[in-house]
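Working notes for the structure below.
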Amino acid sequence: MSYAEAYNIEDLRQLAQRRLPRVAWDYLERGAEDDVTMTANRAAFERIHFRPRTLVDVSGRTLRHQLFGKTYAAPFGIAPTGAAGLYWFDADIALARAAHAAGVPFVLSTASFVAMERVAREAGGGPWFQLYMSKDREAAERLVRRAFDAGFEALVVTTDVPVGANREYNLRNGFVIPFRINARNVVDGLLHPRWLTQVFLRTLLTSGVPRFQNVDSNVGGRIVAKDLSAFRARRDALDWSDIAWLRTIWPRKLLVKGILAEGDARLAMEHGADGVVVSNHGGRQLDGALAAIDALPAIVAAVGGRMPVLFDSGVRRGSDIVKALVLGADLVFVGRATLYGAAAGGEAGVARALELLRTETERVLALIGCTTVAALNRDCLQLPDCI
């Protein structure tokens, strides 16, 4: 089976698993510790059921959706995903181009293997930039200025990484960035020759050992140790004053990502954010955190329509996208789903993933008796008692 023959995201997932070595697959697929939160994300979606209305004329349905004064072709986009270059050569560019062609937003991770300037040039449209911020404001400002000069339309500050997550499988696999070759990875690479030649060796020959390319550097474009140190410095010392400071140096849209508590959503508003992203990092940070979809309604209520609330974590189907929209999300982001597509077929595989999600979302809209995203309301769902 090829990516073109995939009927759903699970088909793309299986293709990706076959094509990737263990070190890359585990980094893509796993969560933190025992995968409790990652599993909870899926279980929470499955507890929510639709209450469809029938004999509604849905022949004129559309997925077109507005956010921040811009109209998108669908109410979802591609979330920031670090180290995407492990799955396809220049995967960040493939993701950006596919999103632009589909008319949906794309967020580039700080932790990408392609420099932000190149992604912005080749994306075809204005992407967003996700910021992993250190307490070193000089280093942070250089990174933000680069994003501004490159033309990124929005800055998405990820706040749920004060310390690194406990991902024990990375330790077992010897996974680090910059990528280091060990005996186990050599054997695994040889067992996956397509990945070895088309992804790893191609990256090695064009830009060197796979590494993060958006860490600020003033040494001929190379990343030097002091810059990595500054990039990671004292994240555990960040507080809301740092968001207020970012607001003073970033004139475009500013969003705060990693919100699971109503109080944090209110603080984001108070400190100048234009929106929040309800997210538990796809279950990859704090294992035991609540499912993001369970947190969404209370955060929407806390914001009270005063700013957009976006959502990610656990999305695998168009039905998940519709459920999040009904519960108040203004836009839904997918992460692993499009990475499966990238691993299965590069830009064309990402396009296939987006097409599958678009088709499923439109079909669910029709089946529950709605013609537009704006027509969705709580009567469309049967909710469990916990929401």
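The values are calculated or read from the model by the stated rules, or taken from the named source; none is laboratory data. Computed from a predicted structure; not experimentally measured. Reconstructed Cβ throughout: ideal geometry from the backbone, glycine too, with neighbour counts over all protein chains shown.
Before moving on, here are some points about what is shown:
- Which numbered condition Ala115 fails, given (1) surrounded by 22 or more Cβ atoms within 10 Å (Cβ to Cβ); (2) of a type in the set (Gly, Ala, Ser); (3) over 19 Å from Leu255 (Cβ atoms): (1)
- Condition met for Ala351 (of a type in the set (A, V, I, L, M) and over 30 Å from Asp287 (Cβ atoms)): yes
- Evaluation of Gly77 against (1) within 18 Å of Ala375 (Cβ to Cβ); (2) in a strand (DSSP E or B) (one fails), failing number: (1)
- Of the listed requirements (1) free of Cβ contacts under 8 Å to residues at least 12 places away in the same chain; (2) over 16 Å from Gly275 (Cβ atoms), Tyr132 misses just one: (1).
- Qualifying helices (runs of 4 or more DSSP H) (wholly inside the range 1-63; at least 3 residues being out of contact with any strand residue (DSSP E or B) (no Cβ under 7 Å at 6 or more places or on another chain) and over 30 Å from Leu196 (Cα atoms)): 36-47
- Number of positions in the range 349-383 that are outside any helix (DSSP H, G or I) and either aliphatic (A, V, I, L, M) or under 14 Å from Gly103 (Cβ atoms) (or both): 4
- Among (1) surrounded by 19 or more Cβ atoms within 10 Å (Cβ to Cβ); (2) among the acidic types (Asp, Glu); (3) under 16 Å from Pro75 (Cβ atoms); (4) touching a Lys or Arg at 6+ places or on another chain (Cβ under 9 Å), the one test that Glu362 misses: (1)
- Residue check, Val23 at pLDDT below 95, under 23 Å from the mean Cα position of the chain (by Cα) and among the aliphatic types (A, V, I, L, M): yes
- Residue check for Tyr72: crowded, with 24+ Cβ neighbours inside 10 Å, in contact with a Lys or Arg (Cβ under 9 Å, 6 or more places away or on another chain) and hydroxyl-bearing (Ser, Thr, Tyr): no
- The set of residues in the range 299-317 that are surrounded by fewer than 24 Cβ atoms within 10 Å (Cβ to Cβ) and either assigned to a helix (DSSP H, G or I) or at positive phi (or both) comprises Val300, Ala301, Ala302, Val303, Gly304, Gly305.
- Of all residues in the range 282-298, those that are on the phi > 0 side of the Ramachandran plot have Cβ atoms under 6 Å from Cβ atoms of residues that are of a type in the set (Gly, Ala, Ser) and in a loop (DSSP other than H, G, I, E, B), 6 or more apart or on another chain, in Gly282/Ser313; Gly282/Gly335; Gly283/Gly31.
- Answer from Val322, Val315, Val350, Val332 - the residue that is over 14 Å from the mean Cα position of the chain (by Cα) and under 18 Å from Pro105 (Cα atoms): Val322
- Positions within the range 217-273 being of a type outside the set (Ser, Thr, Tyr), exposed (fewer than 14 other Cβ atoms within 10 Å of the Cβ), in a helix (DSSP H, G or I) and modelled with pLDDT under 95, in sequence order: Ala225, Lys226, Asp236, Ala237
- Boolean, Thr158 is polar (S, T, N, Q), over 25 Å from Arg18 (Cβ atoms) and surrounded by 14 or more Cβ atoms within 10 Å (Cβ to Cβ): yes
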